[in-house]
Structure formats: C-alpha cells, structure tokens
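Trainee: For reference, the structure I am asking about is given below.
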Amino acid sequence: MTANKKSKNEGRLFAIGDIHGCPDELAAILKSIAPTEGDTVVFVGDYVEGHHDAFLREVAPSVASGEIRYREDIRQGLENVPTCFAEMLRGDNFGKMLVQVADDPTL
C-alpha cells in the first residue's frame with residue numbers, strides 16, 4: 001500500500017506498509033514511485049516492526065549509498081528537552097527529533 005500527498009513546501013510523501021518481508025516487491029514500489037529530491041518515503045507497520053533485521057539488511061545499503069536519505073532535527077542541550085518535546089507534539093520538527101546532550105563518541 002502506498003499513499004501520496006504533496007504539500008505546498010515539500011515534495012511528495014509516500015507511506016509504505018504491509019510489505020511482509022518482500023524485498024522484491026519493495027524494490028518494485030520504490031522504482032515505480034521514483035522518489036526525487038524533496039520527496040519523503042516513510043516505512044510503516046509490520047515491515048519495520050516485524051522484520052527489523054531484514055529491513056536493515058535490505059535498506060541499509062541504500063542509505064549508505066545515498067540513494068535513501070533521512071532527516072534529523074538535532075537540538076543541543078538537555079535544558080531544551082521540554083521545548084523540543086512540545087515542538088515535536090505540535091509537528092514543528094522535521095524528521096526524527098533528537099536532543100544532543102554530549103559529543104558523539106563514534107565520531
């Protein structure tokens with residue numbers, strides 16, 4: 001199942017669910033919608049939840065190559081958590097909302 005919506009400020013939004021661990025079908029869907037710069041593809045439901053390892057194995061290479069990109073809204077400081085939480089609930093963030101409280105030890 002896919003849904004497509006175009007907002008005034010962004011590209012298209014595609015929500016993909018009910019994949020049931022079928023990578024060939026997922027590839028066909030992604031090829032047919034041909035996401036472009038500004039489009040958002042969201043995976044919902046059982047594919048991510050019920051097939052987490054398969055999802056990572058199948059999607060991670062596309063993320064690593066840059067074919068699939070994701071957005072994060074990163075704010076600094078523990079003191080900003082209440083404000084960030086309120087913004088997230090209002091939908092004022094984009095992508096994943098994160099509050100960084102220390103330097104990233106992996107960098």
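Trainee: Give me the residue from the stretch 84-107 that is among the acidic types (Asp, Glu) and part of a loop (DSSP other than H, G, I, E, B) and, out of that set, nearest to Glu72 (Cα to Cα).
Mentor: Ranking the candidates gives Asp92 first.
Trainee: Also, quick follow-up: Could you tell me whether any residue of the stretch 88-96 is of a type outside the set (D, E, K, R), closer than 17 Å to Ala15 by Cβ and without any contact (Cβ under 8 Å) to a residue 12 or more places away in the chain? Talk me through it step by step, then tell me what you get.
Mentor: Narrowing the stretch 88-96 to residues of a type outside the set (D, E, K, R): 88-89, 91, 93-95.
If we keep only those that are closer than 17 Å to Ala15 by Cβ too, we end up with 91, 94-95.
Next cut, without any contact (Cβ under 8 Å) to a residue 12 or more places away in the chain only: 91.
Scanning the stretch 88-96, I find at least one residue that is of a type outside the set (D, E, K, R), closer than 17 Å to Ala15 by Cβ and without any contact (Cβ under 8 Å) to a residue 12 or more places away in the chain, so the answer is yes.
Trainee: Now a separate question. Could you tell me how many of the residues in the stretch 51-78 are surrounded by 10 or more Cβ atoms within 10 Å (Cβ to Cβ), of a type outside the set (A, V, I, L, M) and in a helix (DSSP H, G or I)?
Mentor: Matching residues across the stretch 51-78 total 6.
Trainee: I would also like to ask the following. Tally up the residues in the stretch 18-43 that are in a helix (DSSP H, G or I) and among the small types (Gly, Ala, Ser), please.
Mentor: Final tally of qualifying residues: 3.
Trainee: Moving on to the next point. Name the pairs: first residue in the stretch 69-87 and small (Gly, Ala, Ser), second residue outside any strand (DSSP E or B), Cβ to Cβ under 9 Å, at least 6 apart or on different chains?
Mentor: As it stands, the answer is Gly77/Val101; Ala86/Asp92, since those pairs meet every condition given.
Taken together, the values in this text are just the output of simple stated rules run on the coordinates, not laboratory data. Keep in mind it's a predicted model, so treat the numbers as computed, not measured. A quick note on method: Cβ atoms are made from the backbone with ideal geometry, for glycine too, and the neighbour counts reach across all protein chains shown.
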